[in-house]
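See below for the structure under consideration.
The values are calculated or read from the model by the stated rules, or taken from the named source; none is laboratory data. This is a predicted model, so every value here is computed, not measured. Please note: Cβ atoms are built from the backbone with ideal geometry, for glycine as well, and neighbour counts cover all protein chains shown.
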Amino acid sequence: MLELTDIRSFYGAIEALKGVSIEVRQGEIVALIGANGAGKSTLLMTIFGSPRARHGVIRFLGQDISQLKTHEIARLGIAQAPEGRRVFPRLTVLENLKLGAILAPAANFDRNLARAYAMFPRLEERQAQRAGTLSGGEQQMLAIARALMSEPKLLLLDEPSLGLAPLIVRQIFAAIAEINREHGTTVLLVEQNAHQALKLANRAYVLVNGRIQSTGTGAELLASDEVREAYLGGAGHH
Amino acid sequence: MLRTPLREALLRPLRDGALAGFVALVLCLPIVGLPTSETANGLILRPRIPEAIAFAVAVFLGRFALGVAEAGRPRPVALIALLVAIAAPFIRFAPEFSAALAIGGLFVALRASLLAFPTLAGRITGGVKIPPVAIKRAPLVILALLVVLPLTPVIDRRLLDIAILVLTYVMLGWGLNITVGLAGLLDLGYVAFFAIGAYAYALLSISAGLSFWGALPIAGLCAAVAGLVVGGPILRLRGDYFAIVTLGFGEITRLIAINWSSLTSGSQGIAQIPRISFFGVADFTATPDAGRHAFHELFGISFDPSHRQIFIFYVILALALAVNAFIARSRKLPLGRAWEALREDEIAAQSLGLNLQRIRLSAYAIAASWGGLAGAFFAVRQGFISPESFSFLESAVILAIVVLGGVGSQLGVVLAAIVMIGVPELVRQLAEYRMLAFGVAMVAIMVWRPSGLISRREPSIRLGAAP
């Protein structure tokens, strides 16, 4: 579905991605794990055309999207819950969701809204509240719900667990699993919380210093000593 | 507040005051102390050293007084400062000195009394909590007042003139609020569209014989087209760069108006612009031209020259309300939401599929068209336009109205327009001190209400039991 081939990309003057190739297949949850500064977020932003890949090809459903503008890429059916959530703080929850629904047929709005609220009941309670006044977890829920309102084929999630309490993290991950299972949405998940991400993912890539270091199924990587050592706080824990 | 011992309460302020006085002296010597004056033999210097020293001393005293007030003795300071302010006009020295002393004294008195009565201070500075009900009702009350205003006997020609002027700026402020408040683009050249509308009406009415009502939409269209043409390339720029280019655009428009004299008659301006008619049906004259009707005959009332002015008042009121209605409506539409989304977060908005360029351009061009309509109105009201009316200062004033009012707040723009345009017009006799008072007001607003007079943005959607 999504195929990145030998992508090089710069974050400012720094070469953040040094020839990354990954593949996401229809219906999968793929996790991309790695330490801070490994280039995970740059990879997601590069898929969205900002920054643009200096080298390599990004194919989505067979089409090369590496030269398209951000909004054109969104139009093809990719949505993201970006790093830092990026909800519109002075707009209400409902306004945020309406903005998410721009690309979906207007007739589906009510159904999609009901789905979003069913998944995150907190958002319904707070729908008239400004997004900036929500808690971090609620903002993350809103960012995911907003992305889903466009009925995407592929959902990109950037560190959805960042800065959230363990209970909320579990809720969010359960929601991601549900999105994938119930709606058939393909998910590419970027996470520092490697343990949770690998448990959820069908397959995963480990990104180190702008290169893919290893890949495998979530279970394989969870069991790999190398990954345990580097990202799961050493063997025997967790 | 901690009350420090007297010696200490005086020492620090003395030091601060001396420093402030010294800086003031350095500044005042060339600015106040060495003014040039024009004589038959050319420019000569007329030294006014005593005045310069007097100013520096006044600054010293003011800073000292503030320091003492802050060190825990605000009451005597407030009293003395107030007395100084009252006595100031009677000092026979230099009029500027009296004025400075009066304003400075009042400022110190105000600050000291705020320190002396903290609860009062809290009530004023903690943001006068304007009750939501008041904000909700205020527009209706203001509107009702405005509708009956011209018909009440208290209003005279001058007041009505000021009201029309204020409403013109309200309309411009609301128009600019689309770009600045909703779309989050800093436009420093809004006056260009005002000018384009004004010239469009003036030229169309004189050369093509179009009436105001026929030319009005064309003037709006001209401005919108200008907005599209200019906005296309410059909206690619970000933040400050965009602001600078709009600033240039405003100036270029004015320079074109000056230099394209075959079309605009240059800096002489265009006079004898046809007056407004009663919807093209009747004219506001005592003796209508052959084949035309007069307004007073149409309604069987006696002729009164103020009819036209009252009509003009209602026209600008209607135009301003149209902008307001447009903004209120657009906020609830996908387009308005898209503007706000881009203002809040460009990257997130684009990744939701919003076309940054096109949405910005729409905001810029729509705001431009409202500016054009206001310009046409300006031309028909004045009957005379010249490039002088469209200087950068106008853009700055309109922007100041938007910013002081509270970006994105419609009611705030009205209040700011009254404060910025109406009050100075009312106190025109004090022309000398107008700019000074204006500066003081700006500083006061920035200190106490940095996000504008009304900083609340009404959520565009309210649901269920929400108040």
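Restrict the check to segment B:26-48 and report whether at least one residue is part of a loop (DSSP other than H, G, I, E, B) and among the basic types (Lys, Arg). Checking segment B:26-48: at least one residue is part of a loop (DSSP other than H, G, I, E, B) and among the basic types (Lys, Arg). Scanning segment A:76-103 for residues that are touching a residue at least 60 places away in the same chain (Cβ under 8 Å) and buried (at least 24 other Cβ atoms within 10 Å of the Cβ), we see that the one that is nearest to the other protein chains (Cβ to nearest Cβ) is A:GLN80. Pairing residues of segment A:13-33 that are under 11 Å from A:LEU43 (Cβ atoms) with residues that are in a strand (DSSP E or B) and among the aromatic types (Phe, Trp, Tyr), at Cβ distances under 7 Å and at least 6 apart in sequence or on separate chains, gives A:ALA16/A:PHE10; A:ILE22/A:TYR205; A:LEU32/A:TYR205.
From the list A:GLU226, A:GLU178, the lone residue that is under 19 Å from A:LYS40 (Cβ atoms), among the charged types (D, E, K, R) and at pLDDT below 95 is A:GLU226. Each residue in segment B:49-78 was checked for being under 33 Å from the mean Cα position of the chain (by Cα) and assigned to a loop (DSSP other than H, G, I, E, B), and 0 pass. Selection of segment A:49-65 for residues being under 21 Å from A:SER150 (Cα atoms), part of a loop (DSSP other than H, G, I, E, B), in contact (Cβ under 8 Å) with a residue 24 or more places away in the chain and touching a helix residue (DSSP H, G or I) at 6+ places or on another chain (Cβ under 9 Å) yields only A:GLY49.
Scanning segment A:181-221 for residues that are touching a Ser or Thr at 6+ places or on another chain (Cβ under 7 Å), of a type in the set (S, T, N, Q) and at pLDDT 90 or above yields one hit, A:ASN202. For segment B:331-390, the candidate set comprises residues that are outside any helix (DSSP H, G or I) and touching a helix residue (DSSP H, G or I) at 6+ places or on another chain (Cβ under 8 Å); within that set, the residue that is surrounded by the most Cβ atoms within 10 Å (Cβ to Cβ) is B:LEU352.
Table: residues versus (1) within 14 Å of another protein chain (Cβ to nearest Cβ); (2) under 26 Å from A:GLU28 (Cα atoms); (3) buried (at least 21 other Cβ atoms within 10 Å of the Cβ); (4) in contact (Cβ under 8 Å) with a residue 40 or more places away in the chain.
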| residue | (1), (2), (3), (4) |
| --- | --- |
| A:ALA107 | no, no, no, no |
| A:ASP110 | no, no, no, no |
| A:ALA114 | no, yes, no, no |
| A:GLN140 | yes, yes, yes, yes |
| A:GLU159 | no, yes, yes, yes |
| A:ALA175 | no, yes, no, yes |
| A:GLY184 | no, yes, no, yes |
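Against the criterion of being in contact (Cβ under 8 Å) with a residue 40 or more places away in the chain and over 20 Å from B:THR179 (Cβ atoms), B:GLN357 does not qualify. I'd like to know if segment A:53-69 contains one or more residues that are within 21 Å of A:GLN139 (Cα to Cα), within 12 Å of another protein chain (Cβ to nearest Cβ) and surrounded by fewer than 20 Cβ atoms within 10 Å (Cβ to Cβ). The answer is no, given that none of the residues of segment A:53-69 is within 21 Å of A:GLN139 (Cα to Cα), within 12 Å of another protein chain (Cβ to nearest Cβ) and surrounded by fewer than 20 Cβ atoms within 10 Å (Cβ to Cβ).
Return yes or no: is A:GLU125 more than 9 Å from chain B (Cβ to nearest Cβ), among the acidic types (Asp, Glu) and either in contact with a Phe, Trp or Tyr (Cβ under 9 Å, 6 or more places away or on another chain) or surrounded by fewer than 24 Cβ atoms within 10 Å (Cβ to Cβ) (or both)? Criteria met by A:GLU125.
Among the conditions (1) outside the structural domain of A:LEU32 (by TED's automatic domain parsing); (2) over 19 Å from A:ALA101 (Cβ atoms); (3) without any contact (Cβ under 8 Å) to a residue 40 or more places away in the chain, A:GLN127 misses just one, which is (2).
Within the bounds of segment A:21-41, is there any residue that is part of a helix (DSSP H, G or I) and not acidic (Asp, Glu)? The answer is yes, given that some residue of segment A:21-41 is part of a helix (DSSP H, G or I) and not acidic (Asp, Glu). Does B:GLY42 satisfy the criteria of being surrounded by 17 or more Cβ atoms within 10 Å (Cβ to Cβ) and outside the structural domain of B:ALA441 (by TED's automatic domain parsing)? No, not satisfied. For segment A:83-113, a residue qualifies if it is assigned to a helix (DSSP H, G or I) and within 18 Å of B:GLY184 (Cα to Cα), and the qualifying residues are A:GLU95, A:ASN96, A:LEU99.
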